[in-house]
1. List, in the order given, every pair from K82/K204; K52/K157; K39/K204; K39/K83; K13/K52; K46/K209 whose Cα-Cα distance in the structure shown is over 25 Å.
2. Could I have the simple spin-label model distance between N124 and Y8, label points 7 Å from Cα toward Cβ, reported in nm to one decimal?
3. Over the chain, what is the mean sequence separation of C-alpha contacts under 8 Å (at least six apart), divided by residue count, expressed as relative contact order in percent?
4. In terms of modelled amide H atoms, which long-range or inter-chain residues lie less than 5 Å from the amide H of L111?
5. Say a site is exposed when it is one of the GluC sites (Glu not before Pro), sits in a DSSP loop, and has at most 16 other Cβ atoms within 10 Å; what is then the longest site-free stretch of the chain?
6. For labels at L111 and L235 in the simple 7 Å Cα→Cβ model, what's the distance in nm?
7. Please give the calculated 222 nm ellipticity per residue for the chain, where each DSSP H segment of at least 4 residues contributes -39500 (n - 2.57) and the sum is spread over every residue; nearest 500 deg cm²/dmol?
8. Between D63 and D134, what is 0.36 nm times their sequence separation minus the Cα-Cα distance? Round to one decimal in nm.
Amino acid sequence: MEKREELYRGKAKTVYLTDDSDKLILHFRNDTSAFDGQKIEQLDRKGEVNNKFNHFIMTKLEDAGIATQVEALVSDTESLVKKLDMIPVECVVRNVAAGSLVRRLGVEEGLLLDPPVFEFFLKNDALHDPMVNDYHIVSFGWASEAQIAEMKALTFKVNAVLKALFDEAGMMLVDYKLEFGVDAAGNIVLGDEFTPDGCRLWDKETRKKMDKDRFRQGLGSVVETYIEVAERLGLAL
Ligand code: TMP
Ligand code: ASP
């Protein structure tokens with residue numbers, strides 16, 4: 001597999017073409033972004049930690065029968081993935097109230113959400129990722145009704161697998177964001193990443209924040225805590 005030119009540079013990852021037109025390389029950089037890119041810092045080892053963490057979680061999801069983009073780790077900071085046509089919305093599931101839900105609805109942080117809440121956001125930093133609903137998505141042609149149903153079903157399937165995985169390791173999966181794409185055969189496949197950058201994880205007993213809120217809120221020990229999450233899951237970094 002040969003790495004070719006850069007296709008796209010996001011806030012934390014760079015995507016490269018390869019000599020296989022169906023495969024891309026994702027490079028996880030140390031850049032860490034919050035507030036739609038207003039706060040960006042380089043955190044030592046974060047690219048490596050997130051690359052390996054993402055591969056570990058995506059492999060667990062594949063084992064549970066969920067199709068993901070991930071093919072293989074190719075270096076400490078790079079993964080080989082299937083090329084997808086990404087759908088420009090973010091699928092968020094919330095098991096516990098936190099973040100923008102608390103700000104928007106004035107509910108107390110930590111409130112258990114049963115059943116969990118599902119929300120769509122448009123991927124658009126300039127507009128601050130506004131919340132959208134199924135009608136916006138169909139009307140603007142971002143995805144079909146069938147694709148929306150599939151994204152919701154897969155996002156909840158991921159919830160069942162990962163809630164149990166983190167619970168067994170002493171953590172609560174508070175909320176998370178997933179992104180999907182369409183593969184060459186037209187199937188909806190989980191893309192992008194699952195790392196502590198795109199979810200909220202609290203220690204079950206102490207409620208210590210173990211995710212990117214440490215960076216957003218200036219709590220310190222960001223990468224060290226991501227490594228602790230990985231170690232609790234049995235992934236040595
Ligand atoms: P929120 O509380 O800011 O709406 O975020 C909910 C969850 O989704 C949280 O775990 C962070 C994640 N998320 C991202 O990683 N990137 C995004 O652009 C958005 C909107 C949410
Ligand atoms: N969307 C990510 C966050 O919520 C990164 C960013 O917006 O810069 O922190």
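1. Working: K82/K204 35 Å; K52/K157 22 Å; K39/K204 29 Å; K39/K83 29 Å; K13/K52 14 Å; K46/K209 17 Å.
Listed pairs above 25 Å: K82/K204; K39/K204; K39/K83.
2. 1.6 nm
3. Values: 448 pairs, mean separation 39.8, N = 237.
RCO, the chain: 17 percent.
4. Excluding prolines and chain starts, which carry no amide H, the hits are A97.
5. On the way: sites that count: E2, E108, E109, E205.
Answer - 3-107.
6. Going from the L111 label point to the L235 one covers 3.2 nm.
7. Values: 6 runs with 70 residues, N = 237.
That calculation yields -9000 deg cm²/dmol at 222 nm.
8. Values: separation 71, 0.36 × 71 = 25.56 nm, distance 2.94 nm.
Full extension from D63 to D134 adds 22.6 nm.
Every number in this text was worked out from the coordinates using simple rules, so none of it is lab data. The model shown is predicted, which means the values in this text are computed figures rather than measured ones. So basically every Cβ, Gly included, is an ideal-geometry build from the backbone, and we count neighbours across all protein chains shown.
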